[in-house]
1. Quick one: in the range 379-409, of everything that is over 14 Å from the mean Cα position of the chain (by Cα) and in a loop (DSSP other than H, G, I, E, B), which residue is farthest from LEU587 (Cα to Cα)?
2. Please tell me if ILE341 is closer than 13 Å to SER630 by Cβ and in contact with a Ser or Thr (Cβ under 7 Å, 6 or more places away or on another chain).
3. Could you tell me how many of the residues in the range 490-517 are of a type in the set (A, V, I, L, M) and more than 20 Å from GLU746 (Cβ to Cβ)?
4. Could you list, in sequence order, the residues of the range 560-586 that are part of a loop (DSSP other than H, G, I, E, B) and at pLDDT 95 or above?
5. Could you go through the range 34-55 and let me know if any residue there is under 23 Å from GLU581 (Cβ atoms), part of a loop (DSSP other than H, G, I, E, B), out of contact with any strand residue (DSSP E or B) (no Cβ under 9 Å at 6 or more places or on another chain) and within 16 Å of ligand 2 (Cβ to nearest atom).
6. Please state which of the following conditions VAL191 fails to meet, knowing it meets all the rest: (1) surrounded by 19 or more Cβ atoms within 10 Å (Cβ to Cβ); (2) within 27 Å of ALA15 (Cα to Cα).
7. Residues of the range 184-233 being of a type in the set (Val, Ile, Thr), free of Cβ contacts under 8 Å to residues at least 60 places away in the same chain and either closer than 26 Å to ILE59 by Cβ or within 16 Å of ligand 1 (Cβ to nearest atom) (or both), which ones?
8. Of the residues that make up the range 444-462, is at least one within 14 Å of ARG484 (Cβ to Cβ), outside any helix (DSSP H, G or I), in contact with a Gly (Cβ under 9 Å, 6 or more places away or on another chain) and in the same structural domain as HIS502 (by TED's automatic domain parsing)?
Amino acid sequence: MAARPAPYLEGLNPAQREAVETLDGPVLMLAGAGTGKTRALTARIVHLLNTGRARPNEILAVTFTNKAAREMKERVGQMLGHAVEGMPWLGTFHSICVKLLRRHAELIGFDRGEGVVEDPAARVHLKSNFTILDTDDQLRLLKQLVAAAGIDDKRWPARQLAAIIDGWKNRALTPDRVPAADAGAYNRMGVELYAQYQRRLIELNAVDFGDLLLHMVTIFQAHPDVLEQYQRWFRYILVDEYQDTNVAQYLWLRLLAGAHRNICCVGDDDQSIYGWRGAEVGNILRFEKDFPGAHVVRLEQNYRSTPHILAAASNVIRGNESRLGKELWTDREGGEKVRLIGHWDGEEEARWIGEEIEAMQRGTRGMRPFGLNEIAILVRASHQMRAFEDRFLTIGLPYRVIGGPRFYERMEIRDAMAYFRVVVSPEDDLAFERIVNTPKRGLGDKAQQTIRRIARESGVSLVEGAALAVESGAIKGKGGAALRQLVGDIARWGRMTADTGHVELAEIILDESGYTAMWQNDKTPEAPGRLENLKELVSQLENFENLQGFLEHVSLIMDNDSDDADDKVSIMTLHAAKGLEFPAVFLPGWEDGLFPSQRSMDESGLKGLEEERRLAYVGITRAEELCTISFAGNRRVYGQWQSQLPSRFIDELPEEHVEVLTPPGLYGGGYGAAAAGGGIEDRAAAVDGYNSPGWKRMQARAGQRGLAQPREARNMVVDAQAVSSHAEGDRVFHQKFGYGTVTGIEGDKLEIAFEKAGTKKVVARFVTAADD
Ligand code: ATP
Ligand code: MG
C-alpha cells in the first residue's frame, strides 16, 4: 500500500503535484491568476527539503518583493511543521545579488574589504564594503560628469541620462556592449558618459541599484570558476512572477541554471505589468526554447475567486491580442456579481467607499460582515489615494498604504507644502531648509551653513538670514544670485496672498520656483506620478478658503493618525497588489485617461493599452468574494473640473456578471434606471452622453445639492482650451481682478492691464473671455 502523501502535498491538485514532484530538470508553471502557482512553488521548496534533495542554503528562490519573500519563508515553515533553519537565498533579485556581489566585488575592481567572512559555501571570502548609491547621489554624480565633460546639461539632463543608463543596465549592457543601433549620433555621448560613470563608481567604491545584477552577470560571464561554484551551490532554482523579469535577471538565472537545469519558473503572461521598467514578457514565452525538454505545467483551476469575478476578469483580458490565451474555471458557486457604480466626482466616490466599508463591517445587502483587513482599495495612480486617505482620516477608518508612503508623506507633496509654508509663515525654518536647494540652486551645504550662521548671529529666521547673506555678499556667484531670487520670490508670493486666489497662487509658486519644471524634466519612471500628485494637491486646495486653512487641515489629520489598530483597510496601487489576494476589493477611478492611463491611450500601437488591460486583470483577480468597480463623472485637475468618461474596460465587463449599483439618494436612479432597461452599452451610454436621461438626472440632482453643474464643468474645460487663444488686445475677465485687457502673452501666463487692479501677470487658465 502506498504511503500517505505528506500533508503539504495532500491539498494540491494533480497538476500542482506534478510541478512540485518533478524535481529534476526545467519546469515551467504557466498559469492564470489564483491557480495556486505561488502555493505550488512554496510546496516545492518544502518538498526539496523534506526529501533531503537540498539543504535550505542550497535553494535559490526569487520573489518579486521582500514582503513576498517573508511570506514564503513563513509558509515553508508552516508546511514543514517546524521553522526552517534560515533560507539565506530566498529573496528578491536585488537582495540576493547584494550578498553575492559583496563576496566577489574585487573582480569588478572594488576594494577587497577588510573583514574576512566565513560563509556557507565553505570558502573564505573577503566581504567588500561598497556602498549602494541612492537616486540623489546617482544624479549628483552624473551631473558632475556632464559638467566636467563640458556638455550642455540641457541636452543631457542628469535624470534623463540616469534613465537611459538604467535601461541599458536592465538589459545587462555594459558600456562596451551597447549596440550601435542604441548608440546613434545622440547616444554616442550617452555611452561615453555611461563608461565614465561606471569608472567613477568604481573609484568611489560604489554601485547603483542596476549594478547589482549587471556586475553579477559580468562576473559570471568573465569568471567561469566563480559561476561553477554557484552552479554547484544553488542546486535548485525557483522563480515566482517570472513574467516580470528583465533581461539582466533572465541572463543571471540562465547562467546559474546552465549546468544542472534544475530551474522552476512560474508566471502568467497576462500579469506582465512592468514592461515600463524593462521587464520582458518574452522571457516566459521562450522558456521552452532556452531549456529544451522543459516540463510545462498548466494550471486551470482557480481557487481564489467566485465565478462572477473570474468571468469578469477573463472577459476583460480576452481583449488583448498578444497573449497565450488560457481558460480558467472554478468549482466555487454563487457569490455576488461584480458591482459597478458611477459617482458624481472623485470625492463622492471616496465618501461612498468609506460608507460602504463601514456598512460591510456590520454586514450589508445580505452579505457576511467583513473585517477591515479583508478589504483593499487598488488604485491605478498613487494620486488617487489622497481622496481616500482624507476621507478615512476624517471618519476615523483605519487604513494602511502598502508599497509607498502615504499621500501627505510623499517627497513631492512635502516639498510643495514646504513652499506653501514659507510663503504663509516666512519664519518656518524647517520648511525653508527643505526648499532652499530644491530644485537645485547651487546652494550646497556650505552656503546653507553660512545662512544658518548669519541667521543665528542676527537672531532672525533663515529667510531673513538668507537675505542678509546675499546683501552682505557672504554668498556670492551663481548661488548668491539664485538665493536673491528665491528670497525675493518668497516675499512677493507672500504679498500676493492678499489679492490672488490661493489655488492660483499655489500653482504660481510651484511654477515660478522651478519645482514643477524639475519633475517635468525628470525622465525617471516615477516622475509622471509625482507630477500627478502635485496636480492632485493643487486640486485639493479648492476645498479650503486659503493656504493657511489647508496647511492646518493637513497637520490636524496627520496628527490624528496615532491609532495602531491592526485591523486596517489596505490602500495600494494595482502594481503593488500583484500576487496578493483579499476577500473584498474596490477598484476606483475606472475612467479613460486615468485607467487606462492617458499615456497608454496616446501611444500609437496597442502595447501600452494591453499592459493597462493586464493591470485591470490583475486588479479584478485579487478579489475573492466581492469586487467593486467605480468611476466618477468629474474629476478636478489643477482646480479645474474635467468631465470624465467611464473606462473603455467597463465596456468589456460581461453584463451577466455585473450588477450596477445606484448610490442611495444621489442620482435618482440614473444608472440603475438605465441598467434596468438594457445592457452594459446602455449603462455606459447613461453616463457617456451628456444628453442621456442618466446624465440629465445627475445634473438636476447635483444642482439641488449646490454642486457645480456638469455644464459649468464642461465650460471650464472649454475655457481652458479657449484661453490659449487669447490674443493681445482681448478683453478678459479674472475672478479676483475683474475686467482687463491682455497686453502680453508669455507661455501659459498673460500680462493683463486690469481696469481696477493695474497690470498683473496671471495664469491664463484663470482668465475667461469677457462677454460684453
Ligand atoms: P497569482 O497569479 O495571483 O500570483 P497564484 O497562481 O500564485 O496567483 P496562489 O496565490 O498560489 O495563486 O493561490 C491562490 C489561492 O488559492 C490561495 O489562497 C491558495 O491558498 C489557494 N489554493 C492554491 N492551490 C490550492 C488547492 N490545490 N486547493 C485549495 N486552495 C488552493
Ligand atoms: Mg502568485
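1. GLY396
2. Considered against the rule, which asks whether it is closer than 13 Å to SER630 by Cβ and in contact with a Ser or Thr (Cβ under 7 Å, 6 or more places away or on another chain), ILE341 comes out as yes.
3. From the range 490-517, those of a type in the set (A, V, I, L, M) are 490-491, 496, 498, 503, 505-506, 508-510, 517; that's our starting set.
Then keep just the ones that are more than 20 Å from GLU746 (Cβ to Cβ); that gives 490-491, 498, 503.
Of the residues in the range 490-517, 4 are of a type in the set (A, V, I, L, M) and more than 20 Å from GLU746 (Cβ to Cβ).
4. Answer for the range 560-586, where residues must be part of a loop (DSSP other than H, G, I, E, B) and at pLDDT 95 or above: LEU574, GLU581.
5. no
6. That leaves (2) as the condition not met.
7. VAL217
8. no
The values are calculated or read from the model by the stated rules, or taken from the named source; none is laboratory data. Bear in mind that the values here come from a model prediction, so they are computed numbers and not experimental data. FYI the Cβ positions are ideal-geometry reconstructions off the backbone, even for glycines, and counts take in every protein chain you see.
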